[in-house]
Amino acid sequence: MAYLLRVLLLTMLVGISATAATAFHWIDLNFSHIQLAIPSFLFTIFIQAFVMFYFIGVARLVENVFTILSTENNLGELFDNPPKDLTPYMKKVKRFHYQSKLAKRQTIPWTILMLVIGSIGFLLGGAHDTGVVRKIVHSGVIYGFLTTMFIGLYRQWIHLGKSHKLLRELKTTFGLSDDSM
């Protein structure tokens, strides 16, 4: 899943970069930057929601495993024969719990900020096109969106890899199937 999300993030980056390059007249495509901005930003909304729910899902899975081990209820969901000593499992799951919460804290605020600033920039682009606001207002917000997008994309990229490894270790530790989440 992390690899699919990384491909989608790269596709988003290409779309937004093509839109910005067209707006700056660095490249000449058969489309204006307005025509490119509509599908590019819709795709950005889609992929950012997808990435956000991935991190929420990983954190929720680890939280559920942590709760089962902490309360020692429903151990049958994790083990065929529950061991007497859960200490080694608890030690690993505490680390997984911390890492998943950290990944969620490090990515979701940037995702939300990217969506909010991008939406405002998108709407200000329409307002500029109709003459309601000056170009500098739209451009300034778009510069903020691009900065937020690059920082957020970097953090998402790093934490997607870490979360992918975390899920592999968690599923291997408890013998969970690869398709379980």
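For this structure, a couple of remarks:
- Flag if K165 is among the charged types (D, E, K, R), touching a residue at least 12 places away in the same chain (Cβ under 8 Å) and either more than 26 Å from I68 (Cα to Cα) or open to solvent by 30 Å² or more (accessible area, probe 1.4 Å) (or both): no
- Applying a threshold of 6 Å to beta carbon distances and a minimum spacing of six or more residues, or different chains, the list of pairs starting in region 134-161 at a residue that is open to solvent by less than 40 Å² (accessible area, probe 1.4 Å) and ending at one that is assigned to a helix (DSSP H, G or I) and of a type in the set (F, W, Y) reads G152/W110.
- Conditions (1) assigned to a helix (DSSP H, G or I); (2) farther than 23 Å from A21 by Cα; (3) out of contact with any Lys or Arg (no Cβ under 9 Å at 6 or more places or on another chain): number failed by G126: (2)
- Tally, over region 1-26, of residues that are over 30 Å from H97 (Cα atoms), outside any loop (DSSP other than H, G, I, E, B) and open to solvent by 80 Å² or more (accessible area, probe 1.4 Å): 1
- Counted residues, region 168-181 - those being touching a helix residue (DSSP H, G or I) at 6+ places or on another chain (Cβ under 9 Å), loosely packed, with under 12 Cβ neighbours inside 10 Å and hydroxyl-bearing (S, T, Y): 2
- Residue ID - farthest from the chain's Cα centre (by Cα), chosen from residues in region 27-42 that are of a type in the set (V, I, T) and part of a helix (DSSP H, G or I): I34
- Of all the criteria given as (1) open to solvent by 70 Å² or more (accessible area, probe 1.4 Å); (2) more than 20 Å from the chain's Cα centre (by Cα), the one not satisfied by K101 is (2).
- Residue list for region 40-96, filter: touching a Pro at 6+ places or on another chain (Cβ under 9 Å) and either closer than 30 Å to M149 by Cα or surrounded by 15 or more Cβ atoms within 10 Å (Cβ to Cβ) (or both): L75, Y89
- Meets criteria (in contact with a helix residue (DSSP H, G or I) (Cβ under 8 Å, 6 or more places away or on another chain) and crowded, with 20+ Cβ neighbours inside 10 Å) for M114: yes
The values are calculated or read from the model by the stated rules, or taken from the named source; none is laboratory data. None of the values given here were measured: they were computed from a predicted structure. Cβ atoms come from the backbone with ideal geometry, glycine included; neighbour counts cover every protein chain shown. The accessibility values were calculated without ligands, DNA or RNA, using every heavy atom of the protein model including side chains. Shrake-Rupley method; radii C 1.70, N 1.55, O 1.52, S 1.80 Å.
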